Amino acid sequence: MTGQTLDPTFYRSAREAAQAPQEELAYVVAFDRSGELPDAMSVIDVNSESGSYGGVVGWTEVGVGEELHHFGWNACSSALKHEGHDMEGLSRRYLLVPGLRSSRIFVLDTQPDPRQPQLVKTIDAGELSAKAGYSRPHTLHCGPDGVFMTCLGGPQDDPDGQSGIALLDHETFEVVRAWETDHGPQRLSYDAWWHLNRNVLISSEWGSPSMIEDGVVPELLLGQKYGHALHFWDLAEGRHLQRVDLGAEHQMCLEVRPSHDPEADWGFVGVVVSTEDLSGSVWRWFHDGSEWKVEKVITIPAVPADADSLPPLLKGFGAVPPIITDIDLSVDDRFLYVSCWATGELKQYDVSDPAHPKETGSVKLGGIVDKTPHPAAPDRPLAGGPQMVEVSRDGRRVYFTNSLYGAWDDQFFPHGVGAWMAKIDADPDGGLSIDERFFPHGDDFRGRRAHQIRLQGGDASSDSYCYR
């Protein structure tokens with residue numbers, strides 16, 4: 001790469017990423033549940049020395065009724081693994097922002113002013129369907145060969161059909177094709193990530209569009225029809241290798257978080273709920289000889305509650321399930337963060353021994369029953385709870401927002417979920433404390449709900465590292 005200009009945020013190793021300058025901005029998508037206001041990308045000042053710390057300092061509107069959800073960078077540290085890719089000029093510059101309901105994808109340019117992203121391209125739902133055969137784009141990762149975008153739905157004329165991963169070009173953002181060459185038994189999608197040096201991609205399962213877009217379908221949940229398996233693939237060939245079923249009672253197998261160590265072959269996946277006892281769980285995958293195995297390593301029980309304090313969906317159970325909606329693994333692979341959205345708790349586990357996690361910290365905000373307020377507004381009960389989580393590269397700061405998905409928000413918090421974001425300070429030896437100065441909420445998001453967060457220069461769930 002002699003003579004080429006390399007983006008300084010393409011880090012060769014996790015250690016190098018952790019030692020880089022800390023983020024000063026956070027990008028947070030905001031959507032209007034009513035479908036009347038344009039959805040938007042908000043920019044939050046996260047520089048604690050700034051006079052606008054914790055404030056919204058940028059705002060870029062896109063379309064109406066999109067339900068902006070997950071998003072990510074066009075390129076990141078995984079670019080160092082590209083084969084035959086022209087590195088000249090490639091940089092972590094563009095945010096690709098899908099509309100989960102519209103199936104459109106918005107490309108935002110964060111240069112020259114990172115506080116004012118500019119909409120430079122819109123990829124139509126028809127292009128995604130025609131070229132890849134998918135709809136409902138959900139999660140994306142910058143990776144080898146392009147941008148990998150998991151899609152919950154099949155083509156426009158059959159949204160409940162075969163779902164999968166669309167491959168987009170890093171620089172033109174055109175939809176190239178479906179990534180898979182052999183789906184094997186895989187039908188449902190949610191998240192996907194990889195072990196680059198092991199040539200393995202891991203994907204998970206949620207449900208098809210008709211199973212999720214209008215909320216949880218109780219009959220399908222109790223009938224154990226949502227996703228409950230992990231899939232392992234040949235990353236270079238797009239070929240299915242192995243399916244591991246966690247058990248049908250373990251419904252909604254969502255976020256996959258591989259170790260950041262490029263030579264490792266383990267990671268974690270979160271499961272929303274068990275139909276047997278309403279618990280949530282976290283599972284570890286690992287390679288054992290000639291096959292991949294998965295084992296449960298964390299169980300978080302439901303919390304008993306008076307039926308009068310519960311939404312209609314839960315009244316018959318007399319308890320609040322934790323509803324594990326997100327997990328995030330610190331860049332040094334030491335701490336795992338687990339969102340318990342319905343009970344209003346963020347848990348921290350030491351996973352230095354990934355087979356035996358130990359709880360080391362917890363904070364509570366929101367929750368169906370407790371509605372725990374933020375210290376900055378002690379008289380303001382909070383709806384929602386820790387949901388989308390992002391961890392800084394150095395592991396010292398943890399950010400989260402409170403909205404899960406529009407229709408699901410309404411089921412679990414029928415009186416309104418509001419909008420808020422919190423920052424947690426993480427002790428290097430374990431332990432969490434709420435930053436009382438940081439609390440964007442309410443009108444800060446202009447009537448929209450806040451969902452996923454990305455940090456300037458990368459974060460714990462953006463990058464794959466190629467070297468130790």
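Throughout, read-outs are computed from the coordinates displayed, never taken from laboratory work. These numbers come from a predicted model, not from an experiment. Here Cβ is always computed from backbone atoms with ideal geometry, including for glycine, and neighbour counts include all displayed protein chains.
Worth a mention:
- For the chain, the 222 nm mean residue ellipticity estimated from helices alone, with every DSSP H stretch of n ≥ 4 adding -39500 (n - 2.57) and the total spread over all residues, rounds to -1500 deg cm²/dmol.
- Stokes-Einstein diffusion coefficient of the range 321-468, Kirkwood radius over Cα pairs, 25 °C, 0.890 mPa s, in µm²/s: 159
- Placed amide H near residue 103: partners under 5 Å, 5+ positions off or other chain: 136
- A full extension of the chain between residue 261 and residue 37 corresponds to an added length of 76.4 nm, given 0.36 nm per residue minus the alpha carbon distance.
- Relative contact order (%) - criterion: Cα under 8 Å, at least six apart; region: the chain: 14
- Inter-part distance where the range 69-145 and the range 362-406 are each reduced to a Cα centre, Å: 28
- Computed extension gain for residue 291 through residue 183, at 0.36 nm per residue and net of the alpha carbon distance, reaches 37.1 nm.
- Among 185-192, 106-113, 71-78, the peptide with the highest mean count of other Cβ atoms within 10 Å heads the list, and the full ranking is 71-78, 185-192, 106-113.
- Residues of type aspartates and glutamates that residue 358 reaches as a straight line, Cα spacing below 12 Å, ignoring anything fewer than 8 places off in the same chain: 350
- Spread over its residues, the convex hull of the C-alpha atoms of the range 229-337 is 119 Å³ per residue.
- Evaluated at q = 0.06, 0.10, 0.11, 0.13 Å⁻¹, a Debye calculation over the C-alpha positions of the chain (equal weights, vacuum) places log10 I(q)/I(0) at -0.22, -0.66, -0.81, -1.22.
- Förster-model FRET efficiency, 22 Å R0, residue 171 and residue 59, C-beta, rounded to 0.05: 0.25
- Each peptide in 338-346, 161-169 receives the mean, over its residues, of other Cβ atoms within 10 Å, and ordering these scores from highest gives 338-346, 161-169.
- Square roots of 5 times each gyration tensor eigenvalue, C-alpha, the range 372-417, largest first, Å: 23, 16, 5
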